[in-house]
Every structure is written in C-alpha cells, then in structure tokens.
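The values are calculated or read from the model by the stated rules, or taken from the named source; none is laboratory data. As the structure is a computational prediction, the values presented were derived from the model and not from experiment. Positions of Cβ are backbone-derived with ideal geometry, glycine not excepted, and every protein chain shown enters the neighbour counts. Surface accessibility is based on the protein's heavy atoms, side chains included, excluding ligands, DNA and RNA. Shrake-Rupley method; radii C 1.70, N 1.55, O 1.52, S 1.80 Å.
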Protein chains: 2
Amino acid sequence: MSHTPGVRQAQKEKTRRALMDAALRLLEDQSLSSLGLREVTRAVGVAPAAFYRHFRDLSDLGVALVEESLGSLHHMINAILAGQDGDEERIEATVDAVAEHVRGYPAHIRFIARERHGGVRPVRQAIAAELDRFADEVATAFCPQLPAESWPPEDVRMLAELYVDHMVMTATAFLEAQADHPEAADERRVAATARKQMLLISLGRHHWHDA
Amino acid sequence: MSHTPGVRQAQKEKTRRALMDAALRLLEDQSLSSLGLREVTRAVGVAPAAFYRHFRDLSDLGVALVEESLGSLHHMINAILAGQDGDEERIEATVDAVAEHVRGYPAHIRFIARERHGGVRPVRQAIAAELDRFADEVATAFCPQLPAESWPPEDVRMLAELYVDHMVMTATAFLEAQADHPEAADERRVAATARKQMLLISLGRHHWHDA
DNA sequence: AAATTCAGCGAACGGCTGTTTACTGAATGA
DNA sequence: TCATTCAGTAAACAGCCGTTCGCTGAATTT
C-alpha cells in the first residue's frame, strides 16, 4: 500500500508537525527571514540535519505554514457567506467569527500579517495567491445579491478585495489588542470599530448605482 | 556656537545618512530583523565599529527610518486635506499623490509596509504611533465637513482609521504592481480600484445618518 | 530470514555575526 | 600654538550559522 499510515510515516509526520509548530511559536516574536534552521530543530529536540528530511528550506516550511494558516480561515468564511441573513446580522457574524479565530489561532494570524509583506518572496507569493482565492470566493458569493446592471464584474471584484483586506486588517487589529493588554475591553472596542466600518462599506454598496 | 554645522558634524551627518540609505537599500529585499550590522557598514565602506558612533542598535536605525519615511507622507496628506474641493476631486488627488509618492520613494513605503507588523518591537511601535498621529490629523480635517449630530467623535475616528488603513493598503498595492511588472498598465488598474473603493466609502459616509 | 529503505544522528567545515579594545589623526577650542 | 575632542580604524573575541558527510538501527519489503 502506498498511503497507509504505517509506523514509519506516522513518526515522520509527527516530527514534521513538531517542526512546524516550533517554528510557528518562534515566529511569534521574530520574522521568518531571521529564523534559524538550528533554532527550530533545537526547539524540537532533533539534530539540525533532520530538518532536511522534511523541508528543503525555511521558506519551504513557511509556505507550508501559509497553507495551514489560511486553510482554516477559508472554511470559516465560506460558512458565513452561506448564511443569507440581513446585512447587520452577517456583519456581526463575520466580526465575531474573525475575533474567535484570532483567539483560537493567534500565531497563525500573526504569521500571515507579518509575512504578507515580509522578506521571503515565496512566502509572500503564497499568501498573495491564497488571498486572491479568498477574494474570488467572496466575489462569487456576493454576486447574486447585487443588481447586475450596476455591478460589472470588475466592480464586484473591487468590493471583494475591499472586504478581504478589511478582514485581514480587523484580524491584525484584534491581535494587537490582545497583545497590548489581555483585558477584554480593548477587544470590544476593536470589534465595534470593525462592525461600523463594515456597515459603512455596506451602506456605500447599497448606494453604488448613484455614482 | 553649539549648532553651527562645522566640518566635523557635517561629515558625521554625512556617514549617518549613508548608513541609513544603505540600510534602506538592503531592506528592499529582506526584513530588518535579518539585516546585519556588518552588512550595512560593508555597503557604506566603513568599519563595523563605526556604526556605534551613530546608532545604538539596528532597531535604533529602524526607528530613525520610520520617522524619515512617514515624515514626508505627513506633509503630503495635509496638503491634500487642505483642498476643500468636491468628493471625487479630492479622491483623485489623494490617489494620484499616493501613486506619485510611491514612485518617488518606493523603498520608504516598502520599509513601512514590511516592518509595520515585522519582528522588531520598537520599530512596530514607532510606525503604530506615527499612523495614529495620521488618523488624528485626518479626523480633525474631516470633522468640520461632517454633520455633528450624526457623527460622534468615536465615529469620526473610526472613519479616519478606515481612511488611513486604506491609504497604506493602496500604497502597498502600487508597490506590488510596479514590482511585478514595470509597465504602467497595472498601476492604472490599481489606481482605478483604489478610487472606486474610496468612492464607495465616501458614499457610505454620506448615508451614515440612516444607520 | 535476509535485504532494503530511510528518519534521525553526531561531527566537522568554512564563513559570518555583534561587540569590545586600544589606536590614530584631523577638526576644534583655549 | 598646544591640548582636547571624537569619528573612524584594525584586530581580535567567542559564538552561532547552514550545509555536508557517513553512519546507525528500526520499520518495511521481498
């Protein structure tokens, strides 16, 4: 059999995960381009040379982290877009979902925010590609809800990009809020601001035909 | 005299600038936390120890770069906000000014985008503080143009933050457009998208009292 | 049971890092 | 004119880095 787990492959996957987890933890207060290969293997407790059994590079590991980090977000968003409730309800659901996701996987979000414009090209490109896919999904989800005569495809795309960028913006704002002081007060303020901003965008969307 | 230039201080300022310029150039394709002190001094052509005559750290140099990078932007924005023209005119002026600034100082913008969420805390904080000042200025500039009864201070602030974040977003979009391919076609597309997004926000702003 | 695969090991390599030290010599001030 | 300041130097320091090598021994296959 080719893809049966087996004791062998199970152990390999285990240390691979350990490497990724250790890297993600170390990346909470430094950027990928300053992360050392030995630093990662030391944190896991394996020899430096063992790293090469799983990744060619640190950028290779970074790309793997990108897929893992944005994969879960992908599922979350589609679930929200499926809900056909009113504007304000969807906005609240979106902001709440983002907040919960940031609370659940802060290291992933921090990694994305940090490396989106970071110093490692392959990782940047992986993030850009994944966010592009995000925008596609948002666009196709919002399309049926918009009057087709005043919303040419490029304008829908424009709206979708604004949504995606605002979500990333909101996520990093949550992150900074919980990093600065762990009280819940700041988080509520960030959520309120994000909701209002989305409401404002939503308002503009409804009056788009005037322009 | 205390602050007359003199040959001595002039030379010192000269190599200080050389260090900052070299760092900025090297930071075009790596992040600050992976930048080496020796790397910078080697690029300038001075001994590594000379660095300490000007900066305590590389983060110290980073903070200096932040002030330089956002200082010029600061002047630009205030000039645009002073213009009391109509909505669309101001939007076009803003996008054009951002585009021109990115074309003029790409390395500064890239540095800000990269280190805004980068791995060096003091630099992150310096950027955050400067962007906060930006939001303050935008808020006080927009305040007299908004009906006071439906725009409490916190909502004005919310709008200002949205504007600032969108400007940063637009600037980095311009940067990536000119990095991917130097043709002007992509730059025009980015500009068109940015204008539409600002118009949409502007539309939402005018109908804010409905909410 | 014998042969093979292969994840992880330990050691070694050259090269680069930040920082300190004592110094030189030109600009400055008395 | 003579003493002082101080930007920049050259050398040395211990320490970490990524990468390569041959090897081991348990899981797998034949």
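Heavy atoms only, probe 1.4 Å: what % of the accessible area of the stretch B:58-210 goes to carbon and sulfur, would you let me know?
Exposed carbon and sulfur together represent 52 percent of the surface.
Considering only A:F51, A:F111, A:F174, the mean-square fluctuation computed in a Gaussian network model of chain A, springs between alpha carbons under 10 angstrom, is largest for A:F51. If R0 equals 22 Å, the separation of the Cβ atoms of A:E28 and B:D29 corresponds to a calculated FRET efficiency of about 0.40. Computed about its Cα centre, the charge dipole of the stretch A:145-211 is approximately 220 debye, with only Lys, Arg, Asp and Glu carrying charge at their Cβ. Quick check for you: which residues of the stretch A:154-175 have the amide N under 20 Å from the point 7 Å beyond the Cα of A:R103 toward its beta carbon? Counting backbone N atoms under 20 Å from the label point, the list is A:167-175.
Taking only the Cα atoms of the stretch B:145-185, the ratio Rg/Rh comes out at 1.30, with Rh defined as the Kirkwood radius. Legend: mean number of C-beta atoms from other chains within 10 angstrom of residue C-beta atoms, peptide B:189-202, equals 4.
Across the options A:L26, A:L70, A:A135, the greatest Cα extent toward the positive end of the charge dipole of chain A (unit charges at beta carbon of Lys, Arg, Asp, Glu) belongs to A:L26. Comparing B:A135, B:A50, B:A97 in a Gaussian network model of chain B (Cα springs below 10 Å), the most mobile by mean-square fluctuation is B:A50. Would you mind getting me the FRET efficiency between A:S72 and A:R38? Use the beta-carbon distance for r and R0 = 41 Å, nearest 0.05. Efficiency computed from Cβ-Cβ geometry: 0.90. The solvent-accessible area of A:H181, taken with every protein chain present and a 1.4 Å probe, is close to 60 Å². The angle between the Cα long axis of helix A:153-180 and the main principal axis of chain A comes to about 60°, on a 0 to 90 degree scale. Fully extending the segment from B:E149 to B:H207 would add 19.5 nm, taking 0.36 nm per residue of separation and subtracting the current Cα-Cα distance. For the stretch A:1-55, the fraction of C-alpha pairs more than 12 angstrom apart is 66%. Length gained on full extension, B:E88 to B:R189: 34.6 nm, using 0.36 nm per residue less the C-alpha separation. Its Cα gyration tensor gives the stretch B:58-210 an equivalent ellipsoid; the semi-axes, largest first and in whole Å, are 26, 21, 13. For chain A, the solvent-accessible area with a 1.4 angstrom probe is 51 square angstrom per residue.
Within the same chain, lysines fewer than 8 places from A:K196 are excluded, and of the rest, those with a Cα less than 29 Å from its Cα are B:K196.
For the interface of A with B, what's the total buried accessible surface in square angstrom, probe 1.4 angstrom, rounded to the nearest hundred? It comes to approximately 3000 Å² buried between A and B. Compared with the dominant principal axis of the Cα atoms in chain B, helix B:58-82 is inclined by about 30°. Other residues with beta-carbon under 11 Å from the beta-carbon of A:V40 carry, at +1 per Lys or Arg and -1 per Asp or Glu, a net charge of +1. Compared with the dominant principal axis of the Cα atoms in chain B, helix B:121-142 is inclined by about 30°.
From the alpha carbon centroid of the stretch B:165-211 to that of the stretch A:128-145 is 17 Å. A loss of 40 Å² or more of accessible area (1.4 Å probe, protein heavy atoms, ligands and nucleic acids excluded) relative to the isolated chain is seen in these residues of the stretch A:114-132: A:R114, A:H117, A:G119.
If only the Cβ of Lys and Arg carry +1 and only the Cβ of Asp and Glu carry -1, the dipole of the stretch B:11-111 around its Cα centre is close to 980 debye.
According to the Kirkwood relation over distinct C-alpha pairs, the hydrodynamic radius of the protein assembly as shown is 23.4 Å.
For a paramagnetic label modelled on B:R121 (point 7 Å from Cα along Cα→Cβ), amide N atoms under 18 Å away belong, within the stretch A:167-186, to A:175-183.
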